[in-house]
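K.L.:
This structure is in structure tokens; I'll ask about it shortly.
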Amino acid sequence: MALPLPDPILEVVDKKSSPLGMLFGGAGMWTGIMAIYYARRPPSAPSREVAAPSPPAAEPPPTPEAAGSPRTGRGVRLGLSAARVRGPMGVSGGGGCLMGERDVVTCTRVVSAALGLEDGERPDEPVQVDFPLLGRAHEPITAEVAAWDGEAGVAVLRLAEPPPKGAQPARPVIADDHWGHSIRVLGFPGAHGGGKWAPGELRGRRGDGWIQVDDKARELTPGFSGAVVWDEELNALIGILTTDGSGAPYVIPADVLLRDLAAQAAAPAPYRGLEAFRESDAEVFFGRRQEVADLLERTSRPGVTVVYGSSGSGKSSLVMAGLVPRLRERACVVTVRPSHGRTPVYALAAALLPALEPDQSEAARMAELPNLAQALTGGGIVEVVQRVRARSGMDEVVLVIDQFEEIYTAAGDSDAFVSALLPLLRTPSAGVHTVLTVRIDYSHDVLAQLETAQLRRDASYMVTPLDRDQLREAVEGPARERGVAFEPGLVDRILDDAGDEPGQLPLVEFALTLLWERQSGGVLGHDAYQEIGGATGALAAYAEQVWNEQLSPADHPHARSLLLRLVRQAPTTSRPAPSCRRTRSAMSSGGSARSWRPPGCWSPRRTGRACGRCGWPTSR
């Protein structure tokens, strides 16, 4: 029987992990948690013109008043994004539209009306948001104003917690001409707490972008402000309803709404959670100035540098976000991930081809890929990179191979990749500097390939944990870059919680990522930090939430069994243990985590000793 787990979890079962109860006690836990983390990874913000997402597995039944709710071509009810904005006393100000993971777009007048204020200045008080068409099973959610555009009449509300199950962010469309289009508007005026549909017909735009509405039925009263608007001809959501000073209805179209979302709502988190910083994250990468300077000096001459450290130490981030962007100012840089190809050798060939043949089309390069891979396997890497230098016109060429240990877990022969690379590592006269990032438990095998002890010493560069000053810079710098501040004392509190234990950096980054979503008025606060569980508890709390909400009780034994079987002892020989990719292969072909075991391992029934190859219990 195949394991009944969501696909995102199966996508990462090649990671080493422990069961949930063990995952959160030590530094060697990351990859097990990643399975749960990626299963609930938040969706990206809506683009300028995007089709509606696929519907959830089970839609809640519509209320009687909303039974006529239109559908998009892909079947998502408009009501799944329709929100109602209320004040602390339950007074309804009007409607709103969910347009992000936690962002509800509405009218400024709706927020003001809910709070009993005159429409004008941005209020400090929170409001309550609910989703009436999803039923009464959920409580109203507190929301604060994240953006306020008084001129356009648009407010963005940030929910303090995720919307209820079944809610779906809208994907509005933008059109040049709406004249004569029939519309339906879903609002919450007066006593119509379950929602009310009203018709209208569109006219042209005003100078500020609002679209005039012909309200023939005279139903679009001010109580419909903020209501979602459905264009019958486009078969899509196009904006929200508002009224002018005289009470005449208008539509604030999607292009205006999305402009305010992009320009005024909080910027994407500058922290990377459990992921490494990428080259594109260079502007928010802080805390490693000295290490970047060291590596820049090392790579200024031909040779090899093996950047190694424990899992979670930040070695990939240092090289990809710290070193590589600076290198590109002076050198031709080729970056490789061994797992990003049919085999590691193919991944290397695919990375070299654009620099080798910059004028070729993608199709032509694909046709050349097998030939280049064969040339590399045959020992031709020195000649290839020398040609890359000639084609680039740069004096320096730097080859960066990130997460080198993947040659042992990716498909293909690791020995073939090492053999292809060795001529370059052993030939300083080739004029190329090669940078490898590798986990510390694989570093000995990599360094052993270098010919002399002196060369091995010169090549080694160990990444140590950030000290307190470096960690402070890594915490404060990204927020400062985005114009966001910490409440007084919060940074010191985070540093105290993190301590100086190895492996704390990913914990801190994950907590900061969650904290970013809970900022208020551009400030990251103590209360929000406490709510997420702090630097040491945020990941555990998040994983428990996913465990309880994403998986049914019937799934728990299977997931626990899978996580247990991803635990492996460090290999006792230089040859790493078999890849856990085989686990997924066995399950996808009808096996289960309970029955799968690496080839050559004995039955685990008679002894508790662990196999030296894979860490499984052995029988002798």
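The values are calculated or read from the model by the stated rules, or taken from the named source; none is laboratory data. Owing to the predicted nature of the structure, the values given are computational and were not obtained by experimental measurement. No Cβ is skipped: glycine too gets one built from the backbone with ideal geometry, and neighbour counts run over all protein chains shown. Note: accessible area is taken over every heavy atom of the protein model, side chains too, but ligands, DNA and RNA are not part of it. Shrake-Rupley method; radii C 1.70, N 1.55, O 1.52, S 1.80 Å.
K.L.:
Using per-residue counts of other Cβ atoms within 10 Å, averaged over each peptide, order 312-325, 542-555 from highest down. Can you show the working numbers first?
P.N.:
Values: 312-325: 24.0, 542-555: 14.4.
Packing order, densest peptide first, comes out as 312-325, 542-555.
K.L.:
Still on this structure, please answer the following. So for each of 158-170, 114-126, 202-214 I average, over its residues, the number of other beta carbons within 10 Å; can you give me the resulting order with the highest mean first?
P.N.:
Details: 158-170: 19.4, 114-126: 14.5, 202-214: 16.3.
Final packing ranking: 158-170, 202-214, 114-126.
K.L.:
With the full set of protein chains in place, find how many percent of the accessible area of the range 148-250 is carbon and sulfur; take the probe as 1.4 Å. Provide the component values of the computation, followed by the final result.
P.N.:
Details: 1900 of 4070 Å².
C and S fraction of accessible area: 47 percent.
K.L.:
Where a ≥ b ≥ c are the square roots of the eigenvalues of the C-alpha gyration tensor, would you call the range 291-411 rounded, which needs a/c under 1.5, or, failing that, prolate if a/b is larger than b/c, or oblate? Present the calculation step by step, with values, prior to reporting the outcome.
P.N.:
Details: a/c = 1.99, a/b = 1.27, b/c = 1.56.
Oblate, since a/c reaches 1.5 and b/c is not below a/b.
K.L.:
Same structure, new question: On the accessible surface of the range 82-123, probed at 1.4 Å, how many percent belong to carbon and sulfur atoms?
P.N.:
Details: 710 of 1540 Å².
Carbon plus sulfur share of accessible area: 46 percent.
K.L.:
Another one. Report, by chain and number, residues whose modeled amide H sits under 5 Å from the one on ALA83, excluding near sequence neighbours (fewer than 5 apart, same chain).
P.N.:
GLY96, CYS97, LEU98
K.L.:
At GLN290 and SER552, where each label point lies 7 Å from the Cα along Cα→Cβ, what is the point-to-point distance in nanometres?
P.N.:
That separation, rounded to one decimal, is 5.6 nm.
K.L.:
At 1.4 Å probe radius, can you tell me the per residue accessible area of the range 76-187 in Å²?
P.N.:
Per-residue accessible area for the range 76-187 comes out at 40 Å².
K.L.:
Order 89-97, 284-292 from most to least packed using the mean count of other Cβ atoms within 10 Å.
P.N.:
Numbers: 89-97: 21.8, 284-292: 19.3.
Ranked by mean Cβ neighbours within 10 Å, highest first: 89-97, 284-292.
K.L.:
Please give the length that would be gained between ASP500 and ASP469 if that part of the chain were fully extended, namely 0.36 nm times their separation in residues minus their C-alpha to C-alpha distance (nm, one decimal). Walk me through the intermediate numbers first.
P.N.:
Values: separation 31, 0.36 × 31 = 11.16 nm, distance 1.15 nm.
Result for the pair: 10.0 nm of gain on full extension.
K.L.:
In the range 472-519, with Lys and Arg counted as +1 and Asp and Glu as -1 at Cβ, which of these residues, LEU505, GLN519, PRO478, has the Cα nearest the positive end of the dipole, that is, farthest along it?
P.N.:
Working it through, the farthest residue towards the positive pole turns out to be GLN519.
K.L.:
Further question on the same structure: Taking all protein chains as present, what is the carbon and sulfur share of the accessible area of the range 285-337, in % to the nearest whole number, probe 1.4 Å? Show your work: numbers first, answer last.
P.N.:
Working: 840 of 1900 Å².
For the range 285-337, the apolar C and S fraction of the accessible surface comes to 45 percent.
K.L.:
Turning to a different aspect of this structure: Along the Cα-to-C-beta direction of ASP413, a point sits 7 Å from the Cα; which residues of the range 334-348 have their amide N less than 15 Å from that point?
P.N.:
In the range 334-348, the label zone of ASP413 (backbone N under 15 Å from the point 7 Å along Cα→Cβ) covers 343-346.
K.L.:
Please work out the average accessible area per residue across the range 243-347, using the 1.4 Å probe convention, and give it in Å². Kindly include the intermediate steps, with their values, before the conclusion.
P.N.:
On the way: 4000 Å² over 105 residues.
Normalised by residue count, the accessible surface of the range 243-347 is 38 Å².
K.L.:
Quick one: what are the phi-derived ³J(HN,Hα) couplings along the range 96-109, Karplus 6.51/-1.76/1.60 with θ = phi - 60°, whole Hz, x for glycine and proline?
P.N.:
Here the 3J(HN,Hα) series is x, 9, 6, 10, x, 4, 9, 9, 10, 9, 8, 9, 4, 5 Hz.
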